[in-house]
Amino acid sequence: MIKGQLGTLLTVLFTLSLMHLTGCTNTPNPYGDSYGSAETRTVQQVYYGTIIETKPVTIDASSGTNMVGTVAGAAVGGVLGSTIGGGTGSALATIGGGLLGGYAGGKAANAMGERNGVNLTVRLDNGEVISIVQEVDPNMIFRVGEKVQVNMSGNTGRVVPR
C-alpha cells in the first residue's frame, strides 16, 4: 500500500516540477536591458528624459504561481496524510493533510512570487511626466537627475540609461 502511495507522490512531484520549469522558461526578463523574442522587430517610440523620483516597490507576480503552489501542496499533503492510520482515521488524515498542504503551498508560492521593483518617475524632454514600474536590476541602478531613454510600445514601456 505504501509503495503505491510513494509512486503517486513521486509522480505528482515530478509533474509539478515540470509545470514549474515550463513556466519559468516563458517568463520574460523584466529588466530594462533584455528583450523577449516577441519584442524583436517591433516599432517602439523613443523618448528622452530625466529621472525625477525613484521609489522602491514590491512586484507581486504570485497570481499564477499561487494556484500551482496550493494544488501542489494539497496533493503532497493529501498523499502523505493518506499514509496515516486506517479507515476513518486515514480519511481524516488525508483531508487534513490536503488542507494543510494547500495552505502551506499557497503561502510558499506567494513568497516566491514577490520581487523587488522600482517606480521611476521621468520628466520627458517635452515636459510630460510619466511613471514606469520595472523590476530592479542590480546592474542598472537609477538616480534622481540621471538622463534616460524611455522605450514605449502601446501601454508597455521600459527605462534604460542614456
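The values are calculated or read from the model by the stated rules, or taken from the named source; none is laboratory data. Computed from a prediction, not measured in an experiment: that's the story for all the values here. All Cβ positions, glycine included, derive from the backbone under ideal geometry; neighbour counts span all protein chains shown. Accessible surface areas use protein heavy atoms only, side chains included; no ligands, DNA or RNA. Shrake-Rupley method; radii C 1.70, N 1.55, O 1.52, S 1.80 Å.
Laid out as a table, the results:
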| read-out | value |
| --- | --- |
| Enumeration of residues in segment 132-147 that are in contact with a strand residue (DSSP E or B) (Cβ under 8 Å, 6 or more places away or on another chain) and open to solvent by 60 Å² or more (accessible area, probe 1.4 Å) | VAL133, ARG143, VAL144, LYS147 |
| Set VAL150, VAL129: member being open to solvent by less than 50 Å² (accessible area, probe 1.4 Å), β-branched (Val, Ile, Thr), more than 20 Å from the chain's Cα centre (by Cα) and at pLDDT 95 or above | VAL150 |
| Cross-chain or 6+ apart pairs with Cβ under 6 Å, segment 140-159 first and more than 25 Å from THR40 (Cα to Cα), then acidic (Asp, Glu) | none |
| Any hit, segment 115-124, residues being more than 14 Å from THR54 (Cα to Cα), hydrophobic (A, V, I, L, M, F, W, C) and open to solvent by less than 50 Å² (accessible area, probe 1.4 Å) | yes |
